[in-house]
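Report on one structure; see the data block that follows.
Since every read-out is calculated from the coordinates, none of them should be taken as a lab result. Since we're looking at a predicted model, the values are computed, not measured. With ideal geometry, Cβ positions are generated from the backbone for all residues, glycine too; neighbour counts draw on all protein chains shown.
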Amino acid sequence: MTAEAGFELALSVEGALPLFTAEGERRWVPGWEPEMLGGDGAAGSVFVTRTNTVETVWVVVDYDPQRGIARYARHVAGVHAGLVEVRCAALSADRCAVRVRYTLTPLAEAAVAALAEFFEPQRFADSIAGWKRLIVAAGLAAD
């Protein structure tokens with residue numbers, strides 16, 4: 001299952017892309033507490049996030065500031081696995097477009113309905129638009 005949505009930020013690509021890393025998201029995602037298991041955030045680095053009883057293992061597939069791309073593989077044991085990609089493209093020197101794509105495969109029948117709900121087009125678009133609201137509320141970009 002795949003969905004893509006986006007928003008604009010009043011930041012350069014160089015200012016925006018680091019916000020979509022394990023450490024960068026600490027600055028704007030409430031409760032985001034990644035535990036680095038290996039690496040420094042470059043390709044091949046591994047980290048874990050935990051929310052309630054859900055543990056998600058993340059692997060940095062690609063982090064390329066010159067191309068404005070951050071890609072992650074993610075796995076929730078017995079639930080789903082897939083990719084998350086964030087692309088930042090310059091609109092001007094101090095403004096960029098952010099596109100977020102999730103591609104997840106359910107690993108159990110019970111996960112199919114939850115993923116279908118997650119990928120419902122309006123719900124997904126609203127969720128990704130919420131990223132901008134959180135970034136602005138954290139004072140990291142103007143509205």
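Some observations on this one:
- Helix 121-137 vs. the chain, principal-axis angle (Cα, 0 to 90°, nearest 10): 50
- Helical runs assigned H by DSSP (4 residues or longer) give the chain a calculated mean residue ellipticity at 222 nm of -6500 deg cm²/dmol, each run adding -39500 (n - 2.57) before division by the residue total.
- Ranked by the mean number of other Cβ atoms within 10 Å per residue, highest first, peptides 56-63, 133-140 order as 56-63, 133-140.
- Computed on the chain, with alpha-carbon pairs under 8 angstrom and 6+ residues apart, the relative contact order is 30 percent.
- Nearest-ten-degree value, helix 109-118 long axis tilted from longest Cα axis of the chain: 20
- For segment 2-137, size of Cβ-based charge dipole, Lys and Arg +1, Asp and Glu -1, in debye: 220
- Note on the chain: Cα-only Rg and Dmax are 14.9, 46 Å.
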